[in-house]
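Comments concern the structure below.
The values are calculated or read from the model by the stated rules, or taken from the named source; none is laboratory data. These numbers come from a predicted model, not from an experiment. Positions of Cβ are generated from backbone atoms using ideal geometry, with glycine treated the same way; all protein chains shown enter the neighbour counts.
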């Protein structure tokens, strides 16, 4: 049986041919022995056709289609133009070998050719990859490497930019930056309190918030500036009238020492930097909230922006977090304690990053392990919904959060919570009612309908072309028939004239 091999490269499509191929026979050892030597391998098969891609966009489009198991028009035209025509699959007298099984059904559906792949065919493809530049005289090894490099960059760039709003990498960077800024703000605020406390030590006891303290230092500058006229501004910063009055009273009986103008200027500059950092920290928090709503809305609704972002960062990506079981999510962030307990034989940790959530702090000491395990289960569900949902929404996360609240009430008072089946069913009904939920069968039907709608005008145009051709051919046939009739009439008239002339001659002779 004849064997054709479809080989996809970064530069184009190639079709190889082997005259005699026995699928049942032991050709595997023969192929493996011939791969090392090009001359021996070239006796097994030859290149029948090669079609390069015209542009980089065409190459990217085709490689994307192949990775998804789809057949493009370029590939379909290539196969139909170089493979023998087949009326039906049963009458196919050759085999079409492919490297990947995924694209096989699409090729048979689009072109009607049956495909096959086995260990021998895969070994032949390995040999083709090794010696491809020697088979093709049109393309060199450097051209193939350059095409592979360019296509790899374009493919990776397109994959990364596929959906900008659903990227989780910025979340990992932002949560790391927020943690670092929180440490820096705390360190700088502590330094500012120590520095300004030499001048006004009572202020640090009245105001404990670092950002508000830095704003007050920037406003006051020197203890001598505090008076009744400054009271409205103090109330605006502290958001508390009693604290503002307390600051003025503490200033009247302060035990702090005087400072120079140069020290005052440096303290004011340092406090302004802390205020700027605190403002930037709040803007980062808003940015993280918006990003989490786009990427992981259910995680954000269930456990909060910061804890959800830390889980994504610790897992490496939302995809990895969605793949983790609940037991791994429960101790995520407590790996050192886990391995320490495994070495020493002690108790394993009950929670990791999820300890920072408010649910565990609200639970009793006996129930902290139970509620952490329950939260981990819900987090696994929320992460999978966020990863695989086509339209981001928070309905599942809100329902899971309500389940955790019910479980906390059950631990506290014994009220029975709703069953998980009822909650999931109600949420899915809401999603279906809002048009946010679709099964795999429904999406496949929609894609099939869209493809039929797209192909309908093409079919119509083909039918129109055929009708036009048939009309033209009919007109031609009609005109030819008319010409033939005219010629027949002319010939008959000529014959009649000849007969008449003969009769006239005979009559004259008589």
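For the structure I just gave you, tell me whether residue 243 is touching a residue at least 12 places away in the same chain (Cβ under 8 Å), surrounded by fewer than 15 Cβ atoms within 10 Å (Cβ to Cβ), assigned to a helix (DSSP H, G or I) and out of contact with any strand residue (DSSP E or B) (no Cβ under 9 Å at 6 or more places or on another chain).
So residue 243 fails the test.
Every residue in segment 254-266 that is touching a residue at least 12 places away in the same chain (Cβ under 8 Å) and either in a loop (DSSP other than H, G, I, E, B) or more than 58 Å from the chain's Cα centre (by Cα) (or both), please.
Once the filter is applied, which keeps residues that are touching a residue at least 12 places away in the same chain (Cβ under 8 Å) and either in a loop (DSSP other than H, G, I, E, B) or more than 58 Å from the chain's Cα centre (by Cα) (or both), segment 254-266 yields 254, 255, 256, 257, 258, 259.
Would you point out which residue out of 70, 27, 57 is more than 21 Å from residue 136 (Cα to Cα) and over 40 Å from the mean Cα position of the chain (by Cα)?
27
Every residue in segment 206-232 that is farther than 15 Å from residue 271 by Cβ and without any contact (Cβ under 8 Å) to a residue 40 or more places away in the chain, please.
Result: 208, 224, 226, 227, 228, 229, 230, 231, 232.
Output the residue which, of all residues in segment 352-374 that are assigned to a loop (DSSP other than H, G, I, E, B) and over 33 Å from the mean Cα position of the chain (by Cα), is surrounded by the most Cβ atoms within 10 Å (Cβ to Cβ).
So, considering only residues that are assigned to a loop (DSSP other than H, G, I, E, B) and over 33 Å from the mean Cα position of the chain (by Cα), the one surrounded by the most Cβ atoms within 10 Å (Cβ to Cβ) is 363.
Restricting to segment 400-445, name every residue that is part of a loop (DSSP other than H, G, I, E, B) and either modelled with pLDDT of 85 or more or touching a helix residue (DSSP H, G or I) at 6+ places or on another chain (Cβ under 9 Å) (or both).
The answer is 414, 415, 416, 417, 418, 419, 434, 436, 437, 438.
So that you can scan it fast, the table gives a plain yes or no per residue for (1) buried (at least 17 other Cβ atoms within 10 Å of the Cβ); (2) closer than 22 Å to residue 79 by Cβ:
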site	(1), (2)
105	no, yes
113	yes, yes
132	yes, yes
139	yes, yes
157	no, no
